[in-house]
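Below is one structure, written out as structure tokens; comments come after it.
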Amino acid sequence: MSPRKIIIDTDPGQDDAVAILLALASPEDIEVLGITAVAGNVPLPLTTRNARIICELAGRTDVAVYAGCDAPLKRPLVTAEHVHGKTGLDGPVLPEPTMPLAEGHAVDFIIETLLAEPEGTVTLCPLGPLTNIAAALEKAPEIAARVQEIVLMGGAYFEVGNITPAAEFNIYVDPEAADIVLKSGIKITVMPLDVTHKALVTKARNDAFRALGTPVGVAVAEMTDFFERFDKEKYGSAGAPLHDPCVTAYVIKPELFTGRHINVEIETGSELTLGMTVADWWGVTDRAPNATFMGDIDAAGFFDLLTERLGRL
Ligand code: BDR
Ligand code: CA
């Protein structure tokens with residue numbers, strides 16, 4: 001089978017960085033058409049910087065990185081420096097990028113790519129707030145029918161929320177954008193916290209990254225060292241959850257994940273539960289299914305894949 005063409009929409013973020021590295025390390029499975037940056041974990045100037053740092057770390061200065069939306073559709077930006085550090089990529093010391101940003105706006109790149117590639121051959125992989133994707137759907141609604149699939153990290157059902165008691169960060173930051181995406185009619189696969197909180201970098205898994213002995217292996221180990229202090233303190237968990245790499249791992253090896261095809265709606269009205277993913281896991285409504293909402297992961301298989309692929313860079 002030829003590799004799947006994807007656009008990675010991202011707000012790096014240490015875990016975004018690992019997701020990008022996994023994709024770039026897997027050319028037989030994934031062709032990265034471009035990377036579109038969005039404001040999220042940190043403001044846009046930093047997410048565009050961090051995306052290029054990661055491409056350079058992977059030796060892939062040929063990958064086009066586009067700047068996208070610098071704020072959610074209807075709200076002020078909420079960021080997560082408390083998790084990811086001041087730069088969004090705290091941990092390893094990596095050189096400032098020298099590769100330029102690609103010319104043009106990320107939203108236009110998404111639209112133009114979907115119109116240029118054969119229908120049903122491009123998958124969107126959002127790893128941050130859904131602003132760029134929703135803006136593209138608003139500007140050019142005809143692209144919806146051309147998307148092969150959206151595989152996104154966001155939301156939660158059993159784990160409820162990480163930025164508020166009710167909401168996961170990516171959805172909370174731009175709930176109106178998430179609402180547009182979930183209502184788009186596009187085939188959607190969701191990696192919620194229910195899955196990503198099982199993808200934990202234990203000490204042995206982190207040692208395996210470091211033992212690769214490569215700049216990429218060491219940088220990933222240092223990123224997860226930094227990132228884990230937050231979740232260890234908050235949840236008492238064994239290590240950092242690798243949220244976003246679940247998306248690119250799914251594109252490579254979907255059999256690592258299991259879930260249910262259900263109805264998922266986004267709360268956009270309530271102040272208390274803003275950004276909640278109201279997932280009908282138990283099928284108690286007659287609302288039509290609009291997403292495959294994952295619930296479980298073969299974590300050992302996931303880390304085997306990740307370590308093997310990162311070892312190639
Ligand atoms: C999501 O929010 C960000 O902090 C991570 O990069 C991930 O995409 C997890 O809630
Ligand atoms: Ca992210």
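For region 161-176, the condition of being farther than 17 Å from residue 14 by Cβ and free of Cβ contacts under 8 Å to residues at least 40 places away in the same chain holds for at least one residue. Filtering 94, 73, 137, 115 for residues that are touching a Leu at 6+ places or on another chain (Cβ under 7 Å) and away from ligand 1 (no atom under 16 Å from the Cβ) leaves a single hit, 94. The single condition among (1) buried (at least 20 other Cβ atoms within 10 Å of the Cβ); (2) touching a residue at least 60 places away in the same chain (Cβ under 8 Å); (3) over 29 Å from residue 229 (Cβ atoms) that residue 83 does not satisfy is (3).
So that you can scan it fast, the table gives a plain yes or no per residue for (1) away from ligand 2 (no atom under 16 Å from the Cβ); (2) charged (D, E, K, R); (3) under 19 Å from the mean Cα position of the chain (by Cα):
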residue: 58; (1), (2), (3): yes, no, yes
residue: 64; (1), (2), (3): yes, no, yes
residue: 75; (1), (2), (3): yes, yes, no
residue: 96; (1), (2), (3): yes, yes, no
residue: 108; (1), (2), (3): yes, yes, no
residue: 123; (1), (2), (3): yes, no, yes
residue: 131; (1), (2), (3): no, no, yes
residue: 139; (1), (2), (3): yes, yes, no
residue: 143; (1), (2), (3): yes, no, no
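Note down all Cβ pairs under 6 Å where the first residue falls in region 104-126 and is modelled with pLDDT of 95 or more, the second is acidic (Asp, Glu), and they're at least six residues apart or on different chains. As it stands, the answer is 123/149; 126/9, since those pairs meet every condition given. Within the span defined as region 203-210, every residue fails to be part of a helix (DSSP H, G or I) and either of a type in the set (Val, Ile, Thr) or within 20 Å of the chain's Cα centre (by Cα) (or both). Across region 261-273, the number of residues qualifying as in a loop (DSSP other than H, G, I, E, B) and out of contact with any helix residue (DSSP H, G or I) (no Cβ under 6 Å at 6 or more places or on another chain) comes to 7.
Yes or no, residue by residue, for (1) surrounded by 18 or more Cβ atoms within 10 Å (Cβ to Cβ); (2) in contact with a Gly (Cβ under 6 Å, 6 or more places away or on another chain):
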| residue | (1), (2) |
| --- | --- |
| 155 | yes, no |
| 179 | yes, no |
| 184 | yes, no |
| 189 | yes, no |
| 194 | yes, yes |
| 212 | yes, yes |
| 229 | no, no |
| 237 | no, no |
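Considering 224, 248, the condition of being buried (at least 16 other Cβ atoms within 10 Å of the Cβ), polar (S, T, N, Q), modelled with pLDDT of 95 or more and in a helix (DSSP H, G or I) is satisfied by 248 alone. Does residue 257 satisfy the condition of being touching a Phe, Trp or Tyr at 6+ places or on another chain (Cβ under 6 Å) and touching a residue at least 60 places away in the same chain (Cβ under 8 Å)? Here the answer is yes, as residue 257 does meet what is asked. Annotation: of all residues in region 54-74 being surrounded by fewer than 16 Cβ atoms within 10 Å (Cβ to Cβ) and of a type in the set (D, E, K, R), the one that is nearest to residue 5 (Cα to Cα) is 62. Among (1) away from ligand 1 (no atom under 16 Å from the Cβ); (2) surrounded by fewer than 16 Cβ atoms within 10 Å (Cβ to Cβ); (3) assigned to a helix (DSSP H, G or I), where does residue 258 come up short? (3) is the only condition that residue 258 fails. Only one of (1) surrounded by fewer than 22 Cβ atoms within 10 Å (Cβ to Cβ); (2) within 16 Å of ligand 1 (Cβ to nearest atom); (3) part of a helix (DSSP H, G or I); (4) modelled with pLDDT of 95 or more is not met by residue 19, so which one is it? So the condition that residue 19 fails would be (1).
With the structure loaded, tell me whether residue 104 is within 14 Å of ligand 1 (Cβ to nearest atom), at positive phi and in contact with a Phe, Trp or Tyr (Cβ under 7 Å, 6 or more places away or on another chain) or whether it fails that test.
It is false that residue 104 is within 14 Å of ligand 1 (Cβ to nearest atom), at positive phi and in contact with a Phe, Trp or Tyr (Cβ under 7 Å, 6 or more places away or on another chain).
The values are calculated or read from the model by the stated rules, or taken from the named source; none is laboratory data. Every value quoted in this text rests on a predicted model; they were computed, and no experiment measured them. So basically every Cβ, Gly included, is an ideal-geometry build from the backbone, and we count neighbours across all protein chains shown.
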